[in-house]
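Contents: one structure, followed by commentary.
The numbers here are math on the coordinates, done by the rules we state, and not lab data. As the structure is a computational prediction, the values presented were derived from the model and not from experiment. Reconstructed Cβ throughout: ideal geometry from the backbone, glycine too, with neighbour counts over all protein chains shown.
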Amino acid sequence: MSTDFNLTDTATAACTFKVNNTLANPTAVFADVYPPDAPGFTVAYPDSPMERPSTGLYELPIDCNAVGRWKVVWRSTGTGKGSTSISFNVKEP
């Protein structure tokens, strides 16, 4: 994922989950999104707009509507339990 986006871009946060090095669909998948200077929010699969394009791969489009550093924490429960985080910057065009 690119680490820099322009204001009004759409960033796609993606995450893969594996069990024994094989892509797997966890029991539940969540993305905690933390915009700069604003309260965070959580999206849970299969809630829109989170998608699962293939086994073990989850994507979340994020409207870049605030300048600064954004963070997304992916987490899952049950089969394929795990967590990881990504961050990206949004700047004025």
Item to complete: Obtain the nm distance between the two label points defined at D4 and E51 by a simple spin-label model: each point lies 7 Å from its Cα along the Cα-to-C-beta direction.
Response: 2.7
Discussion item. I need to check one value: relative contact order of the chain, counting alpha carbon pairs closer than 8 Å and at least 6 residues apart, in percent.
Written reply: 39
Worksheet entry | For segment 4-91: span of alpha carbons on each principal axis (Å, largest first) | 38, 22, 21
Fill in: Average Cα contact separation per residue, segment 1-45, under 8 Å, 6 or more apart, as relative contact order %
23
Worksheet item: Considering the chain as a Gaussian network with a 10 Å cut-off on Cα pairs, which listed residue, V73, V19, V43, attains the greatest mean-square fluctuation?
Response: V19
